[in-house]
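What follows is calculated from the coordinates using simple rules that are stated; it is not laboratory data. As the structure is a prediction and not an experimental result, all values here were calculated from the model. Positions of Cβ are generated from backbone atoms using ideal geometry, with glycine treated the same way; all protein chains shown enter the neighbour counts.
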Amino acid sequence: MEKRVLSGNAAIARGAYESGIGLVSSYPGTPSSEITDNIKMYDEIYSEWATNEKVALEVAIGSSIAGTRSMTCMKHVGLNVASDPLMTLSYTGVNAGIVVVVADDPNMFSSQNEQDSRHYARFAKIPMLEPSDSNEAKHFVKLAVEISEKYSTPVLLRSVTRLSHSMSVVDIGSRENVSRKNLDVNIPKWVMVPANARKRHFFVEDRLKNIQTDYDNDILNLASEELNSKKIGIVTSGIAYQYVKEALPDASLLKLNMVYPLPLGKIKEFSKKVEKLFVVEELDPFIENEVIAYGLNLQRLDRSLMGELSVERVSKLFKNIDFGVLRFPSEYDDIDKDLPQRPPNMCAGCSHRGIFYAINRLKLFASGDIGCYTLGLLPPLSAIHSTVCMGASISMAHGIDKGSNGEYARKSVAVIGDSTFLHTGINGLINSFYNSGTSTVIILDNRITGMTGHQPNPATGLSINGTPAPQINIETLCKGMGIKNVKVVDPFNVEECLDTLKAETAKEELSVVITNRPCIFADRSVISSPYFVIRENCTGCKACVKVGCPAILWDSEKRLAFIDETMCTGCGLCPEVCKFDAINKLGE
Amino acid sequence: MKTDILMVGVGGQGTVLASDILCDVALSAGYDVKKSEIHGMAQRGGSVISHVRIGKKVFSPVIPVGSADILVSFEKMEFLRYFEYINNETILLLNEGKIYPPGAAGGEEKYPDSLIEEKITIFKKYYLLNAFDIADKVFNRKVTSTVMLGKLASVLEIKPDIWKDVISEKVPPKTKGKNIEAFDAGYNT
Ligand SMILES: Cc1ncc(C[n+]2csc(CCOP(=O)(O)OP(=O)(O)O)c2C)c(N)n1
């Protein structure tokens, strides 16, 4: 059999291919984005970037009704957005199988919160599978499709950053040939008016019981027991299984491939075979609570509910228990305190930098959003003052406006990227317009979804495959709503930005300011010859250093600025802030 | 055999591709392999780290504290951040080429040259090479990570031919020849 080393995300994509999935609609979000990025390489699967996760799941539901196995992939907070259709999809069930992949981010490497998505499985009363390596990730997509169709339920497949972004060996199989089912015309099943939904709620409760019973009775082959020492028995799942295997090689294990519903009968049987029973899991005590509520004699672990587990964290949890655990020498651990850091920063030539420079200069409160531009919070720009969730910038700015009787609307702006605007920001803007808001909304239209790896979006003009696609013109869109004050600015023109922001925030009307430069990564054609510092003219005033560009460096001995020409993209922002004509373009 | 290799560097240096290549090499040589890395934000220039674990059977994709057998530093100071992973048997492969962190460049912090000199002596063995210079000689900076892979190959027990096959498959076809040259140059220094 062919073997390949694949990331968890690439393996999930492979699993979709092999299990005959025909449609994938997703919205990007770390650490889930590469699943759909990989899906696009399979010609047999129709794939698309949707405008948000709710839309993506609804597309998958429609496709299931049309008879095609479907999948949608999102990060954990994406499931909050998609939770509305999810909760009722549980009632309707499916026609062709539906798999909802959700990737959690323990340790918040790239997220605004650390929520544990397993709660959604219980909330929606639907099954959730949890793979522990790439091979399982691939295989579990297939299982998810089978379970989905067998019980008529959407199935959640949960990943975490450590699975999505780790690589391990995968057995490569071939694609299952499935013929498309017929369109599912069934009013009592699909039209969730109260009279129908009441009946479907019975179905939901029965389905959950059936799945649990089948899990307990090994009809679903989803739990595996590894009996070793009788001293301790550990119930675990997902990536935590790997840490347990390494930290406690002698423990007896019950590995759960489905984490909701739980095979409580099986866990009870297992508990009888060991002296002490534990659950090892990451984030919330989800399995632990269920098992304790069921009445089993379980030893709760005194563990932090934050961050990732690891081999050493697991072995520390058990070091007080008389059991042969591994020890980890870390004689050399406290060295890096004073090391110069390499903090994330907006790229050299980033089209967001100029407008943040202007916001900072005008000392405006910036109601922020999520994207590369969130990095505007860092010094020296320090020009993002709130970030909650995607789309919130515009509605929060409206709240700031209304909550202060218009006072703070004169001293604040909303800042939002194009992808985020089209995700959920647009609803907020309609709300501000309808409710006679007077805030100023800056839309940073770099025509790409930068933060998550440069996926195209409706403002790009390209489809997921890079072929030409219809392009939303955000200016026309805002004007079409009826908003009077819509201005387009060049974010590298500091004067223009300052003047426009001053004028628009002063107005007691809603204003939209759109920046018009593309992301430096998405469109390399905008890169021009670099700038350099004319040493004789440089007074060492540091005005250019304050724009926070990584290509502008400071020579502390000579007390002069200089530019790293290999990094400079020639954007032209720094010469504008230099009062001494000390910055010039190479070759001019 | 169990070999835990920590590859560290700066975003944009090609450590991710290099560790991908190492994984395929290990698989071709008949081992189980896992790798883990954190990449989220698209920005360049941050510290990056890849854990690669090779053995008969690998469980955790992350190298436990104190367990790295080899630390490959694609930049001169980056290895200083990961001392919790080393033990008194760990080998260091160090690119002496520097990439200034924004702090050092911005004048607030100095590049830690003396700390580097002091700390490399902790390693049981260390190999120093200026992979930037070697890469420049062969082709350009883009093959730096292949130079480092060449050096790594010289301390691992996997045949160079396997490495070269995988490299040829993984790098852009146009740069295949240059990458093989870079690999040999690293291997032979
Ligand atoms: C509900 C939700 N979905 C997805 C994400 C992941 N995410 C963070 S920022 C972002 C989009 C950024 O694109 P854009 O607004 O165009 O700004 P840019 O990064 O290009 O500056 C996404 C998809 C998230 N944080 N929340």
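Have a look at B:ILE167, B:ILE99, B:ILE49 and tell me which one the Gaussian network model of chain B (Cα, springs below 10 Å) gives the largest fluctuation.
Its mean-square fluctuation being the largest, the pick is B:ILE99.
Which semi-axes, in whole Å and largest first, does the equivalent ellipsoid of the stretch A:431-521 have when worked out from the alpha carbon gyration tensor as the square roots of 5 times its eigenvalues?
Working: eigenvalues 137, 55, 20 Å².
For the stretch A:431-521, the ellipsoid semi-axes come out as 26, 17, 10 Å.
Applying a 10 Å radius around every beta-carbon, put A:487-499, A:209-221 in order of their mean neighbour count, most first.
In decreasing order of mean packing, A:487-499, A:209-221 become A:487-499, A:209-221.
Å³ per residue of the Cα convex hull, for the stretch A:528-585? If you can, show how the numbers build up before the last one.
On the way: hull volume 4.0 nm³, N = 58.
Per-residue hull volume (Cα only) is 69 Å³.
For the pair B:LYS159 and A:LYS411, what calculated FRET efficiency results from E = 1/(1 + (r/R0)^6), where r is the Cβ-Cβ distance and R0 = 45 Å, to the nearest 0.05?
On the way: r = 67 Å, r/R0 = 1.49.
Computed FRET efficiency for A:LYS411 and B:LYS159 comes out at 0.10.
Determine ³J(HN,Hα), in whole Hz, for all residues of the stretch A:74-91 in sequence, where each value follows from phi through the Karplus function 6.51 cos²θ - 1.76 cosθ + 1.60 and θ = phi - 60°; x replaces Gly and Pro.
For the stretch A:74-91, the Karplus curve yields 7, 7, 3, 5, x, 5, 4, 5, 8, 5, 5, x, 4, 4, 8, 4, 4, 6 Hz.
Taking the highest mean first, how do the peptides A:117-128, A:576-587, A:96-107 order by number of other beta carbon atoms within 10 angstrom per residue? List each step's numbers first, then the result.
Values: A:117-128: 22.0, A:576-587: 15.4, A:96-107: 27.0.
The peptides rank, most packed first, as A:96-107, A:117-128, A:576-587.
Which Cα, out of B:SER28, A:LEU262, A:ILE416, lies furthest along the positive dipole direction of the protein assembly as shown (beta carbon charges, K/R +1, D/E -1)?
Selected residue: A:LEU262.
Once you have the Cα-Cα distance between A:GLU275 and A:LYS3, take 0.36 nm times their residue separation minus that, and quote the gain in nm to one decimal.
Working: separation 272, 0.36 × 272 = 97.92 nm, distance 3.98 nm.
Here the answer is 93.9 nm.
Mind checking the mean number of beta-carbon atoms from other chains within 10 Å of the Cβ atoms in B:60-72?
Details: counts 16, 12, 11, 2, 12, 8, 8, 7, 0, 0, 0, 0, 0.
Across the residues of B:60-72, the mean count of other-chain Cβ atoms within 10 Å is 6.
Name the chymotrypsin sites (Phe, Trp or Tyr not before Pro) in the stretch A:246-295 that are in a loop by DSSP and that have at most 13 other C-beta atoms within 10 Å, would you?
In loop regions of the stretch A:246-295 (DSSP not H, G, I, E or B), the sparsely surrounded chymotrypsin sites (Phe, Trp or Tyr not before Pro) are A:TYR294.
Given a Förster distance of 25 Å, report the FRET efficiency between A:ARG303 and A:LYS231 from their Cβ-Cβ distance, rounded to the nearest 0.05.
Details: r = 19 Å, r/R0 = 0.78.
Using R0 = 25 Å, I get an efficiency of 0.80.
What number comes out for the charge environment of A:ASN465, summing +1 per Lys or Arg and -1 per Asp or Glu over other residues with Cβ under 13 Å away?
-2
Can you give me the long-range amide H partners of A:VAL170? Hydrogens built in the peptide plane at 1.01 Å from N, cutoff under 5 Å, separation of 5 or more residues or another chain.
Result for A:VAL170 returns A:ARG4, A:VAL5, A:LEU6.
Given the -39500 (n - 2.57) contribution per DSSP H run of 4+ residues, what per-residue ellipticity at 222 nm results for the protein assembly as shown, rounded to the nearest 500 deg cm²/dmol? Walk me through the intermediate numbers first.
Working: 26 runs with 263 residues, N = 777.
Mean residue ellipticity, 222 nm, calculated: -10000 deg cm²/dmol.
Can you compute the charge dipole magnitude of the stretch B:3-187 about its Cα centre, using +1 on each Lys and Arg Cβ and -1 on each Asp and Glu Cβ, nothing else charged? Give it in debye, rounded to the nearest 20. Before the final figure, lay out the partial values.
Numbers: 23 positive and 24 negative charges, 80 e Å.
Here the stretch B:3-187 has a charge dipole of around 380 debye.
Along the charge dipole of chain B, pointing to its positive end and built from +1/-1 on Cβ of Lys, Arg, Asp and Glu, which listed residue (B:HIS51, B:LEU128, B:PRO101) has its Cα farthest out?
B:HIS51
Where in chain B is the longest stretch that carries no GluC sites (Glu not before Pro) classed as loop by DSSP and with at most 15 other Cβ atoms within 10 Å? List each step's numbers first, then the result.
Details: sites that count: B:GLU89, B:GLU96, B:GLU108, B:GLU157.
After excluding every exposed loop site, the longest remaining stretch is B:1-88.
Take the alpha carbon atoms of the stretch A:6-38, find their center, do the same for the stretch A:265-314, and report the distance between the two centers in whole angstrom.
30
So for the stretch A:223-332: antiparallel DSSP bridges make up what percent, rounded to the nearest 5?
Numbers: 4 of 14 bridges.
Antiparallel bridges make up about 30 percent of those DSSP assigns within the stretch A:223-332.
Amide H neighbours of B:THR189 under 5 Å, counting only residues 5+ apart in sequence or on other chains, H built in-plane at 1.01 Å?
Answer set, sorted by chain and number: none.
So for the stretch A:2-216: antiparallel DSSP bridges make up what percent, rounded to the nearest 5? Don't jump to the answer; show the numbers that get you there.
Working: 5 of 25 bridges.
Of the beta bridges lying entirely in the stretch A:2-216, close to 20 percent run antiparallel.
Can you tell me the alpha carbon radius of gyration of the stretch A:353-524 divided by the globular rule-of-thumb value 2.2 N^0.38 Å? Intermediate results must be reported in sequence, preceding the final value.
On the way: Rg = 14.8 Å, N = 172, 2.2 N^0.38 = 15.6 Å.
Relative to the 2.2 N^0.38 Å estimate, the stretch A:353-524 comes out at 0.95.
Pop out the ³J(HN,Hα) list for the stretch A:182-192 in order, Karplus 6.51 cos²θ - 1.76 cosθ + 1.60 with θ = phi - 60°, rounded to Hz; leave Gly and Pro as x.
7, 4, 8, 8, 7, 4, x, 7, 9, 9, 8
Averaging the inverse of every distinct alpha carbon separation and then flipping it gives the Kirkwood radius. What is it for the stretch A:223-332, in angstrom units?
Working: mean 1/r = 0.0713 Å⁻¹.
Computed over the stretch A:223-332, the radius equals 14.0 Å.
Could you bin all the Cα-Cα distances of the protein assembly as shown into 20 Å bins starting at 0 and give me the percent of pairs in each, rounded to whole numbers?
15, 45, 35, 6, 0
Among A:VAL526, A:GLN115, A:VAL55, whose Cα projects farthest towards the positive end of the dipole of the protein assembly as shown, with charges put on the beta-carbon of Lys, Arg (+1) and Asp, Glu (-1)?
Farthest towards the positive end: A:VAL55.
Summarise the partner chain shielding of B:23-29 as one whole number: the mean count of Cβ atoms from other chains within 10 Å of each residue's Cβ.
Details: counts 6, 3, 1, 2, 6, 2, 0.
Mean partner-chain Cβ count within 10 Å for B:23-29: 3.
Using a 7 Å offset from Cα along Cα-Cβ at A:ASP523, what residues in the stretch A:391-428 end up with backbone N under 19 Å from the label point?
Output list for this probe position: A:416-422.
Loop-only check: which GluC sites (Glu not before Pro) in the stretch A:10-57 are DSSP coil with at most 13 other Cβ within 10 angstrom? Provide the component values of the computation, followed by the final result.
Numbers: sites: A:GLU18, A:GLU34, A:GLU44, A:GLU48, A:GLU53; in loops: A:GLU44.
Qualifying residues, ordered by number: A:GLU44.
Note down the nm distance, to one decimal, between modelled labels 7 Å out along Cα→Cβ at B:LYS57 and at A:VAL185.
Between B:LYS57 and A:VAL185, the label points sit 5.6 nm apart.
Counting other Cβ atoms within 10 Å, which GluC sites (Glu not before Pro) in the stretch A:124-228 have at most 14 and lie in a DSSP loop? Write down the numbers at each step before the final one.
Details: sites: A:GLU136, A:GLU146, A:GLU149, A:GLU176, A:GLU205, A:GLU225, A:GLU226; in loops: A:GLU176.
Passing both the DSSP loop test and the Cβ count: A:GLU176.
Among B:ASP161, B:ASP184, rank each residue by its count of other Cβ atoms within 10 Å, from fewest to most, as a rough exposure measure.
On the way: B:ASP161 9, B:ASP184 17.
Fewest to most other Cβ atoms nearby, the residues stand as B:ASP161, B:ASP184.
Given the protein assembly as shown, what percent of its DSSP beta bridges are antiparallel, to the nearest 5? Before the final figure, lay out the partial values.
Details: 38 of 99 bridges.
Bridges in the protein assembly as shown that DSSP calls antiparallel: roughly 40 percent.
Work out how much length A:ASN485 to A:ARG122 would gain on full extension: take 0.36 nm times their residue separation and subtract the Cα-Cα distance, in nm to one decimal. Before the final figure, lay out the partial values.
Numbers: separation 363, 0.36 × 363 = 130.68 nm, distance 4.68 nm.
Contour length minus Cα-Cα distance gives 126.0 nm.
May I ask for the distance between the Cα centers of the stretch A:432-448 and the stretch A:506-539, given as a whole number of Å?
The stretch A:432-448 and the stretch A:506-539 have Cα centres separated by 20 Å.
Using a Förster radius of 51 Å, what is the FRET efficiency between A:ARG559 and A:TYR294 based on their Cβ-Cβ separation? Nearest 0.05, please. Let's see the in-between values first.
Numbers: r = 70 Å, r/R0 = 1.37.
Given R0 = 51 Å and the Cβ-Cβ separation, E is 0.15.
Taking H as built 1.01 Å from N, whose amide H comes closer than 5 Å to the amide H of A:ILE472, not counting residues under 5 places away?
Under 5 Å from the amide H of A:ILE472: A:ALA459, A:THR460, A:GLY461.
Where a Cα-Cα gap under 27 Å defines reach, which lysines qualify for A:LYS484, not counting those fewer than 8 residues away within the same chain?
In chain and number order, the partners are A:LYS363, A:LYS402, A:LYS411, A:LYS502, A:LYS507.
When the dipole is taken about the Cα centre of chain A, and only Lys, Arg (+1) and Asp, Glu (-1) are charged at their Cβ, what size is it in debye, to the nearest 20? Kindly include the intermediate steps, with their values, before the conclusion.
On the way: 62 positive and 69 negative charges, 187 e Å.
I would put it at about 900 debye.
How many angstrom lie between the Cα centre of the stretch B:40-96 and the Cα centre of the stretch A:381-416?
Computed from Cα coordinates, the inter-centre distance equals 42 Å.
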